[in-house]
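Below: one structure, written as C-alpha cells.
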Amino acid sequence: MGTFKVSLGIGDPQGRRYEAVDALVDTGATYTVLPGSFLRDLGVRPQEKYPFELADKRIVELDVGETYVRLDGRTHVTLVVFADEGTEPILGVVTLETFRLAADPVNRRLIPVPGLLKSCYWESPVPTSRDWRGHWGCPPDLTYIPFRERKGIKGMVPMPVWTGRPLRERDCSNNDMRRSP
C-alpha cells in the first residue's frame, strides 16, 4: 500500500475558471487543503476559521471557504482549507465523499462507491413525540419493512413505516433493521 496523487481542477467561486492541481489523497484529512495564495488568486474568500488537529497533536486555526472542484469529469462545491505557502495540496475525505469516491491505496486510484443511508431514518410525516423529536435515531413506534416486501418496490434498503407498535431498542442499535414482534 502507499500514497498517491490525483489531478483535479480547483475552480473560482463562480465555477467559470479552473486551475489544475495534483493533490495527495489523504483519508486522514477531513477537508481539501490548498495554499491560501492559490485560493485567493482564484477569488476564493475565507468564510470562517476552523480548528484543526495536526499529526503532531497541535491544534491550529485555519481559514476555510467553499469553491468548485472538478474531478473525473464531475464538478461539485466543497470546503477548502487555506494553508500556508508551500503546503502540499491534499484531497480530503469530505471532497471524496461528495464525489462518492474512496481511496484504493493498493492500486493507487480512486474508486466509485455508493452513498450510505444505513442509520435509522423515517418518512415524513411521522407522529411527533417529545421523547425523540429533534434527535437523530429511531422514534419509538416505527417498524422497518425492507423495500423488497413493499408492493412494486425492489431493493435492500429498509424503509420505516408507522405501525403504532413499539420498536424494540435493539432494532435501532447497530442498524439492526429486523421487524418488531
Checklist entry - Checking residue 137 against (1) at pLDDT 50 or above; (2) of a type in the set (Gly, Ala, Ser); (3) over 14 Å from the mean Cα position of the chain (by Cα), which test does it fail? => result (1)
Checklist entry - Only one residue in 15, 43 is more than 30 Å from residue 117 (Cα to Cα) and either touching a residue at least 24 places away in the same chain (Cβ under 8 Å) or acidic (Asp, Glu) (or both). Which one? => result 43
Checklist entry - Of all the residues that make up segment 9-23, how many are closer than 20 Å to residue 63 by Cβ and assigned to a strand (DSSP E or B)? => result 5
Next on the checklist: Pairs please, first residue from segment 77-92 and assigned to a loop (DSSP other than H, G, I, E, B), second anywhere and crowded, with 21+ Cβ neighbours inside 10 Å and polar (S, T, N, Q), Cβ atoms under 8 Å, 6+ apart in sequence or on different chains.
Outcome noted: 89/32; 92/32
Item to check | Considering residues of segment 93-121 that are in a loop (DSSP other than H, G, I, E, B) and either in contact with a Leu (Cβ under 9 Å, 6 or more places away or on another chain) or of a type in the set (Ser, Thr, Tyr) (or both) only, the residue nearest to residue 18 (Cα to Cα) | outcome: 99
Item to check | Residues (aliphatic (A, V, I, L, M), more than 21 Å from the chain's Cα centre (by Cα) and not in a strand (DSSP E or B)) located in segment 36-65 | outcome: 39, 42, 44, 55
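Test residue 58 against the criterion of being surrounded by fewer than 16 Cβ atoms within 10 Å (Cβ to Cβ), in contact with a helix residue (DSSP H, G or I) (Cβ under 9 Å, 6 or more places away or on another chain) and either free of Cβ contacts under 8 Å to residues at least 12 places away in the same chain or basic (Lys, Arg) (or both), and give yes or no. So that I can check it myself, show each step before the final result.
On the way: surrounded by fewer than 16 Cβ atoms within 10 Å (Cβ to Cβ): yes; in contact with a helix residue (DSSP H, G or I) (Cβ under 9 Å, 6 or more places away or on another chain): no; either free of Cβ contacts under 8 Å to residues at least 12 places away in the same chain or basic (Lys, Arg) (or both): yes.
Taking the combined requirement at face value, the residue does not satisfy it.
The values are calculated or read from the model by the stated rules, or taken from the named source; none is laboratory data. These figures come from a predicted structure and were not determined experimentally. Every residue, glycine as well, gets a Cβ built from its backbone with ideal geometry; the counts of neighbours run over all protein chains shown.
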